Amino acid sequence: MEKKNYFHGTGRRKTAVAQVRLFRGKGSIIVNGVPYEERFTRLEHCQRIMKPLLVTEKIGKYDTVVKVAGGGIAGQCDAISLGIARALLKADEKLKLVLRQDGLLTRDPRVKERKKPGLKRARKAPQYTKR
């Protein structure tokens, strides 16, 4: 059995799932075959993706390849961030405290609530009319 030359981490948020692989390299981040700046154009999304690397001071040390599916742009960003944090943890266990303090290892459990019968959405009721 050959030894793999990458670290793997899976991140989830809402319905988005990101599979992250960290390779030793120059610091490129590829999401679904495209550089992440092209896929996520908003600055806050790019910052959210880079946060685990920034906090652990590992920018420029790992090439990141991500496969992400489901959800929207914001959910995918958070899923990628969690995946990168988990992969960094596998690469170096000493980073656990730093990642934990910034809340990067905690999965956000919030998901969309289902629609209830008799209501317009999960909680929005139709307007009350007296007559």
Scan segment 2-47 for residues that are surrounded by fewer than 16 Cβ atoms within 10 Å (Cβ to Cβ) and either farther than 23 Å from Leu89 by Cβ or of a type in the set (Asp, Glu) (or both) and report the count. 12
Between a first residue in segment 46-68 that is under 23 Å from Val17 (Cβ atoms) and a second residue that is in a strand (DSSP E or B) and of a type in the set (Lys, Arg), which pairs have beta carbons less than 6 Å apart while being 6 or more apart in sequence or on different chains? Val65/Arg21
Being crowded, with 16+ Cβ neighbours inside 10 Å and at pLDDT below 95: is that true of Lys112 here? no
Taking segment 46-78 and keeping residues among the aliphatic types (A, V, I, L, M) and under 24 Å from Arg24 (Cβ atoms) leaves Ile49, Met50, Leu53, Leu54, Val55, Ile59, Val65, Val66, Val68
Filtering segment 89-114 down to residues that are touching a Leu at 6+ places or on another chain (Cβ under 8 Å), farther than 13 Å from Thr10 by Cβ and part of a helix (DSSP H, G or I) yields Ala91, Leu95, Lys96, Leu99
Based on this model, can you work out whether Arg131 counts as over 23 Å from Asn5 (Cβ atoms), of a type in the set (Lys, Arg) and either surrounded by 13 or more Cβ atoms within 10 Å (Cβ to Cβ) or modelled with pLDDT of 95 or more (or both)? no
So in segment 79-90, with the set limited to residues that are under 19 Å from Gly27 (Cβ atoms) and within 11 Å of the chain's Cα centre (by Cα), which one is surrounded by the most Cβ atoms within 10 Å (Cβ to Cβ)? Ile80
Just need a number here: residues in segment 48-67 that are loosely packed, with under 14 Cβ neighbours inside 10 Å and charged (D, E, K, R). 1
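The values are calculated or read from the model by the stated rules, or taken from the named source; none is laboratory data. Because the structure is a prediction, the values reported are computed rather than measured. Neighbour counts are summed over all protein chains in view; Cβ atoms, including those assigned to glycine, are modelled from backbone coordinates with ideal geometry.
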